[in-house]
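Trainee: Quick one: structure below, then a few questions.
The values are calculated or read from the model by the stated rules, or taken from the named source; none is laboratory data. It should be emphasised that the depicted structure is a prediction, and the values quoted were computed from it without experimental measurement. Ideal geometry is used to build each Cβ from the backbone, glycine not excepted, and the neighbour counts take in all protein chains shown. Quick note on the areas: whole protein, heavy atoms, side chains included, nothing else; ligands and nucleic acids left out. Shrake-Rupley method; radii C 1.70, N 1.55, O 1.52, S 1.80 Å.
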Amino acid sequence: MTPFNIHLTGVGGQGIGLISETILRAADHAGHPVKSVDTHGLAQRGGMVVSQIRMGDFVCSPLIPHRQADLAISLERHEALRAAGTMLKEGGVLIYYNTIWQPLSVRLKERTEISQQDIHWLCQTRGIEVISVFRDDLADSRMQNMVVLAEICRRGMIPGIQRIHYEKAMDDLMTGTMLEKNMAIFSLGHPPVTPLDAR
Amino acid sequence: MKKMGDMLLRKAAFAEIAMGNTALVRAMVEAGTRVVSSYPGSPTPEIAAAIASIPRAQRPFYFEFSTNEKVATELAYGAALNGHLATVFFKSVGLNVAADTFVQLSLMNIIGGLVVVLGDDPGANSSQNEQDNRHYALLSYTPVLEPADPAEVYHYYLEAARLSQRLHMPVILRLTTHVCHAKQKVSFGAWNPQPNDDSPRFDPANGPYIPLTSMALEQKRKALNRLEQVRRHAEQSDLNVTIDNGNAKRGVITMGLPFLSLMETVGEVTAQPDILKLAYVHPLPRETIVGFLSGHRQVKILEELDNVLENQIKAIAFDQKIPVDIIGKTGTDDWVGEYTPDKVRQILAQSWPDMISQSRETAAQDPAPPRVAQLCPGCGHRSAFHAIRQALADTDITVADIGCHTLGFQPPYEMGQLLMCMGASTAMGSGLRLFNTSRKVVAFMGDSTFFHAALPGIVNAIFNQHPITLILMENGTTAMTGHQDHAASGSNFNEVTDKIPVRRVLEGLGVNHIFEVDTYQQAKLIDLLDQATAIDEFSVVIARHPCMLKFNREQRKQPGYRQRQVTIDQNACQRIHTCVETFGCPTFTRDAQGNITVNTDLCIGDGSCIQTCPSKAIAPAGQKQSGGAA
């Protein structure tokens, strides 16, 4: 297959590791050659977490070159803008969970909080399709990743990976109530897409 | 669910998605490794996580987190002298701690085998530098194998173990951050467990094991001879790979992860250079290199960090009078940072602009506010720093150590103005106190660091009478690397143990002034710090509370757990913003109008913020604001 690069990003504690490994294993179940790599910094909570997945026959390095990602997945709005601006290629796709974990500079009023409009403007100039998801009925914020994964699956956003592959991957990684809870979120219908700057 | 522990012990050959760190553990199992030791440090803790996934009763080897990297190395060495195949692993700078022992290892006749696994960190993702540990290999006459991906991690460990057992010498397996953390499908071999010979086979006749005077010189000669045997072996090894693209003009010699970046970069080139990818990076397979150099007019040396290959390869070309143009590093940029595909493209474009164009996409400016690493929501260090800052004058000097609390150097706390390495804060602080009567000196330290490398500095402060104050931030765990147990935790990797009580250690050493406080009690901490710093003797304030992240996780698992959070009474809030600007818990979110709300995804309800609000607007959710302490 032609190479397909996925850049995942979020904040420590959001469950980037789980969604990344689910996609990695789903790609493997779908029969794609695939590699991934995680980058996390010093903090247990609240730092940037990046994971990259590369599918395809001629992929060598697990690291995606600048602005060569076909798909960016972000679990947080500021990180979504960062991913779209620095890692997505022209014409790529961004999907993000519309929640905010304000970076220190925003809390200290040195920088302005990123709005959904900021993301749309940047993506418009770079020909990037934007999908924002959010559910207001989640019991546990650690399941936001599954809301995003469900939408990725529903829209068939990753070539060749189907529902059965994601489900097999989740079954590889989880058991018991954790699997049940995550599978329940994953199997829910169309998540409400928040209107622009409703939050 | 696929259980990692089951996978690691599978008897038949299989293929599975694995991280480099996990693939390493499967290799340890297959190789018959009997003793493994470590001290936690990124990028290696997942090796221990993989080991932990094998129930202790089924674990085919002994594993421990030792007190520090030097102790871990000594333990593995001792086990190897009894005939076991042993392995020690730790992060890049861990080798500095282990160095005093490590540099002697190659002088010894190691009866079993000893593999030293290093987690180097090009790019300094989670280390205080990006030191190139290949220098240590040259210094100590120790062979090095360096893999590029998880499959190679697995194969190279097996090779390192065989080599070490055959030649009775230590072998380094050098991993780097993105090799440790890369994942891919790896084909593993079968595991045929052999009965262990656990008889203690140490025999001084196999030595000498006493490296003194004339014996040390003889041992060095033996080490050099063994190294030459490794070189001859490396010449024949099919792990060193030559990719012949029929290019007589250009070749590249490379190793490790930069090899993958190179392949990524030259994939689109029509006249691809020939490539020699080295698995053995010390000692170099000299004849292989001579052959490669002789077949090309230009050879680029592509190596991350320092010019270790370059210097040796240039010397080989000089000695052999090979008419080849060797292109090494061209500027300081080539010495700095990880060799990602982007970086390698840039380097090759500089050397061979006709072959590789500059990156189509250069690093774009980041449109989003930076997100710096910070203390977790509800962290006790935040509460402590908020108090300590009030107890000290702006001119006082605060010295940090390694650990989560190091992150306090950033705004809004700016606590811990200098940092060196594990355990260094007390002695650096003592030096800063000499001839200094106007500025108080306060050092910080965590409890894992206390046992790791801090005791000599503390003993020195007592013995040589340095009147500084040490704030020991005792959270009962090695938090930053993922909550590993240490000597004061009450359990080790394998079982429950007695805690070694920090306070009694300090008393036993003769510290006359020890104060204790719950980390979250800010007013008391300020008061005790005032008292401690007023004493003209070495003093210690123990600020104690279990790591809140770990504590909270454990509480969540308890039956009847109720989530706790705080809330802000918007009527009481006077927009003073202490919570968001001075206390700075990430839980507090500020909107454009200056209103503060609580991010319910983040708040863990420790309540330490309640003490900080001048308007008493913060209260536990579901209760009226009381303004009381946590």
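Trainee: Consider all pairwise Cα distances in the range B:253-297 and report the whole-number % of them above 13 Å.
Mentor: Percentage above 13 Å: 58.
Trainee: Quick one: if the Förster radius is 22 Å, what FRET efficiency do B:GLN350 and B:LEU138 give, using the C-beta to C-beta distance and rounding to 0.05?
Mentor: Efficiency, rounded to the nearest 0.05: 0.20.
Trainee: What aspartates and glutamates could a cross-link reach from B:LYS343, if we take a straight Cα to Cα line under 13 Å and drop same-chain neighbours fewer than 8 places away?
Mentor: B:GLU264, B:GLU303, B:GLU304, B:ASP333, B:ASP334, B:GLU361
Trainee: Once ligands and nucleic acids are excluded and a 1.4 Å probe is used, how much of B:ASP203 is accessible, expressed in Å² to the nearest 10?
Mentor: 70 Å²
Trainee: Distance check, please: which entries in B:LYS499/B:LYS550; A:LYS89/B:LYS183; A:LYS89/A:LYS109; B:LYS185/B:LYS550 exceed 21 angstrom between their Cα atoms?
Mentor: Those over the limit are A:LYS89/B:LYS183; A:LYS89/A:LYS109; B:LYS185/B:LYS550.
Trainee: Shifting gears a bit: Using alpha carbons only, what's the Rg to Rh ratio of the range B:74-151 with Rh from Kirkwood?
Mentor: Answer for the range B:74-151: 0.98.
Trainee: How many partner chain Cβ atoms sit within 10 Å of a residue's Cβ in peptide A:62-74, on average, as a whole number?
Mentor: 5
Trainee: Determine the residues within the range B:176-201 where the difference in accessible area between the chain on its own and the full set of protein chains amounts to at least 20 Å²; count protein heavy atoms only and use a 1.4 Å probe.
Mentor: Flagged in the range B:176-201: B:HIS178, B:HIS181, B:ALA182, B:LYS183, B:GLN184, B:LYS185.
Trainee: Put +1 on the Cβ of each Lys and Arg and -1 on the Cβ of each Asp and Glu in the protein assembly as shown; which of B:PHE551, B:GLN312, A:ALA30 then has its Cα farthest toward the positive end of the dipole?
Mentor: It is A:ALA30, whose Cα lies furthest towards the positive end.
Trainee: I need the Debye-formula profile for chain B: one equal scatterer per C-alpha, no solvent, reported as log10 I(q)/I(0) at q = 0.12 1/Å, two decimals.
Mentor: Cα-only, vacuum Debye calculation for chain B: -1.28.
Trainee: Dimensions of the range A:1-114 along principal axes (Cα, Å, largest first)?
Mentor: So the extents along the principal axes, rounded to whole Å, are 47, 30, 22.
Trainee: Shifting gears a bit: Going 7 Å from the Cα of B:ALA592 in the Cα-to-Cβ direction, what parts of the range A:106-127 have a backbone nitrogen less than 19 Å from that spot?
Mentor: A:106-123
Trainee: Right, here's the next one. Going toward the positive end of the dipole of chain B, with +1 on Lys and Arg Cβ and -1 on Asp and Glu Cβ, which of B:ILE526, B:PHE90, B:PHE583 do you reach last?
Mentor: Of the options given, the answer is B:PHE90.
Trainee: Hey, got the dipole for chain B? About the Cα centre, +1 on K and R Cβ, -1 on D and E Cβ, debye to the nearest 20?
Mentor: Roughly 900 debye, rounded to the nearest 20.
Trainee: Considering protein heavy atoms only and a 1.4 Å probe radius, which residues within the range B:1-40 exhibit an accessible-area decrease of no less than 20 Å² in the full assembly relative to the chain by itself?
Mentor: Buried-area filter returns B:MET1, B:LYS2, B:ILE17.
Trainee: Which residues in the range B:510-538 have a backbone N closer than 17 Å to a point placed 7 Å from the Cα of B:PHE463 along the Cα-to-Cβ line?
Mentor: Output list for this probe position: B:510-512, B:538.
Trainee: Ignoring any ligand, DNA or RNA, what whole percent of the accessible area of the range A:1-72 comes from carbon and sulfur when the probe is 1.4 angstrom?
Mentor: 56 percent
Trainee: Among B:MET263, B:GLN611, B:GLY119, which residue has its Cα positioned farthest towards the positive end of the charge dipole of the protein assembly as shown, with +1 placed on the Cβ of Lys and Arg, -1 on the Cβ of Asp and Glu, and the dipole taken about the Cα centre?
Mentor: The Cα lying farthest towards the positive end belongs to B:GLN611.
Trainee: Tally Lys and Arg at +1 and Asp and Glu at -1 over the other residues with C-beta under 15 Å from the C-beta of A:ILE6: what net charge comes out?
Mentor: Here the charged neighbours net out to 0.
Trainee: Say each of B:VAL336 and B:ALA57 gets a label point 7 Å from the Cα, pointing the same way as Cα to Cβ; how far apart are those two points in nm?
Mentor: 5.6 nm
Trainee: Just to verify a number: FRET efficiency for B:LEU239 and B:GLN531, C-beta to C-beta distance, R0 = 45 Å, to 0.05?
Mentor: With a Förster radius of 45 Å, E is 0.10.
Trainee: Relative to the present Cα-Cα distance, how much length would full extension add between B:PHE409 and B:GLN365 at 0.36 nm per residue of separation?
Mentor: 13.2 nm
Trainee: What's the carbon and sulfur percent of chain B's accessible surface, probe 1.4 angstrom, rounded to a whole number?
Mentor: 52 percent
Trainee: Find the sum over both chains of the accessible area lost when B and A are paired, probe 1.4 Å, and report it in Å² to the nearest 100.
Mentor: 5400 Å²
Trainee: Moving on. Could you pull out the GluC sites (Glu not before Pro) across the range B:220-316 that fall in loop regions by DSSP (anything but H, G, I, E, B) with no more than 10 other Cβ atoms inside 10 Å?
Mentor: B:GLU268
Trainee: Taking just the C-alpha trace of the range B:369-477, give me its Rg and Dmax in Å.
Mentor: Computed over the Cα atoms of the range B:369-477, radius of gyration and Dmax are 13.6, 48 Å.
Trainee: Give the aspartates and glutamates reachable from A:LYS168 as a straight Cα distance under 20 Å; neighbours fewer than 8 places away on the same chain don't count.
Mentor: A:GLU21, A:ASP28, A:GLU151, A:GLU180, B:ASP6, B:GLU16
Trainee: Give the accessible area for B:LEU224 in Å² (nearest 10); use a 1.4 Å probe, count only protein heavy atoms, and leave out ligands, DNA and RNA.
Mentor: Approximately 80 Å² for this residue.
Trainee: Within the range B:469-502, whose backbone N sits under 16 Å from a point 7 Å along Cα→Cβ of B:LYS524?
Mentor: Those under the cut-off are B:472-475.
Trainee: Based on DSSP, what percent of beta bridges with both residues in the protein assembly as shown are antiparallel, to the nearest 5?
Mentor: 35 percent
Trainee: Share of Cα-Cα pairs in the range B:482-630 beyond 23 Å, in percent?
Mentor: 52 percent
Trainee: I need the GluC sites (Glu not before Pro) found in the range A:74-117, filtered to DSSP loop residues with at most 15 other beta carbons within 10 Å of theirs.
Mentor: Here the GluC sites (Glu not before Pro) that fit, given the DSSP loop and packing criteria, are A:GLU110.
Trainee: Okay, next question. Over the alpha-carbon set of the protein assembly as shown, divide Rg by the Kirkwood Rh and report the Rg/Rh ratio to two decimals.
Mentor: 0.97
Trainee: Where both residues lie in the range B:226-343, what percent of DSSP beta bridges are antiparallel, nearest 5?
Mentor: Beta bridges within the range B:226-343, antiparallel portion: roughly 20 percent.
Trainee: Given a 1.4 Å probe, show me the residues in the range A:38-58 buried by at least 50 Å² of accessible surface when comparing the whole protein assembly to the chain alone.
Mentor: Residues losing area: A:ASP38, A:HIS40, A:LEU42, A:GLN44, A:ARG45.
Trainee: Continuing with this model, one more query. Using 7 Å Cα-to-Cβ label points, what is the A:GLU180/B:GLU228 separation (nm, one decimal)?
Mentor: 6.9 nm
Trainee: Write down the Kirkwood hydrodynamic radius of the range B:12-114, to one decimal in angstroms, obtained as one divided by the mean of 1/r over all alpha carbon pairs.
Mentor: 14.0 Å
Trainee: Roughly how much of B:THR213 is accessible, in Å² to the nearest 10, using a 1.4 Å probe?
Mentor: Rounded to the nearest 10, the figure is 110 Å².
Trainee: Put a dot 7 Å past each Cα toward the Cβ at B:SER438 and B:ALA12; how far apart are the dots in nm?
Mentor: Between B:ALA12 and B:SER438, the label points sit 7.8 nm apart.
Trainee: Taking every Cα atom in the range B:128-265, find the radius of gyration and the maximum pairwise distance Dmax, and write them in Å.
Mentor: 18.5, 58
Trainee: Kindly state, to the nearest 0.05, the FRET efficiency for B:GLN320 paired with B:LYS249, given R0 = 30 Å and r defined as their beta-carbon distance.
Mentor: 0.95
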